[in-house]
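The values are calculated or read from the model by the stated rules, or taken from the named source; none is laboratory data. This is a predicted model, so every value here is computed, not measured. Here the Cβ positions follow ideal geometry from the backbone for every residue, glycine too, while neighbour counts run over all protein chains shown. Side chains included, ligands, DNA and RNA excluded: accessible areas come from the protein's heavy atoms. Shrake-Rupley method; radii C 1.70, N 1.55, O 1.52, S 1.80 Å.
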Amino acid sequence: MLANKESWEKKGEAARQRLTAYEIKIATERREIETKTGQAKEEYEQVTEERKRSDYRIDGDNARANELEKEISSIIAHAEREIHDTLGDYWRLRQQADEYMGIIAKRLHLQLPS
């Protein structure tokens, strides 16, 4: 019976050692997981912060682009008005020049080509 008791004690001790080794392994894996989780959280926070900065910069760039687009539209509209006015002046002056040439040709008794 003493041998049987020693056998059981050895088996119990072996089981305790396996259990202790398993607990150590689990604790090690848990620490590794916590470390990786912490690193992932830090990385996520960095990426989130970078995205906020990028979004802020993009929003600023979009606002500036909109301002420039309005300014360009205003410049184009002003230039188109000036072109229209200039063309109006050109045609008015051309008509006056044609009339003047007609008057001069009539007074000088010249024929103007049509």
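At a 1.4 Å probe radius, carbon and sulfur cover how many percent of the accessible area of the chain? The nonpolar share, carbon plus sulfur, comes to 56 percent. Taking the Cα centre of the chain as origin and assigning +1 to Lys and Arg Cβ atoms and -1 to Asp and Glu Cβ atoms, the resulting dipole is close to 500 debye.
Listed by chain and number, the lysines whose alpha-carbon sits under 23 Å from that of K11, ignoring those within fewer than 8 places in the same chain, are K25.
Taken about its Cα centre, segment 72-114 carries a charge dipole of about 280 debye when Lys and Arg each add +1 at the Cβ and Asp and Glu each add -1 at the Cβ. If R0 is 41 Å, what FRET efficiency do you get for Y22 and T48 from their C-beta distance, rounded to 0.05? The formula returns an efficiency of 0.60 here. Here the calculated FRET efficiency for R94 and R57, from their Cβ-Cβ distance with R0 = 41 Å, stands at 0.15, rounded to the nearest 0.05. Eigenvalues of the alpha-carbon gyration tensor of the chain, scaled by 5 and square-rooted, set the equivalent ellipsoid semi-axes at 104, 13, 5 angstrom, largest first. Take the Cα of L110, step 7 Å toward its Cβ, do the same at I33, and the gap between the two points is 10.5 nm.
Of Q39, I26, S73, whose Cα points farthest to the positive end of the dipole of segment 1-95 (charges on the beta-carbon: +1 Lys, Arg; -1 Asp, Glu; origin at the Cα centre)? The residue sitting farthest along the positive end of the dipole is I26. Among the aspartates and glutamates, which fall within straight-line cross-link reach of K70, defined as a Cα-Cα distance under 19 Å, with same-chain neighbours fewer than 8 residues apart omitted? K70 reaches D59, D61, E80, E82. The magnitude of the dipole of segment 26-86, with charges of +1 and -1 set on the Cβ of Lys/Arg and Asp/Glu and taken from the Cα centre, is near 340 debye. Of all lysines in the structure, those lying under 20 Å Cα to Cα from K52, and not within fewer than 8 positions of it along the same chain, are K41.
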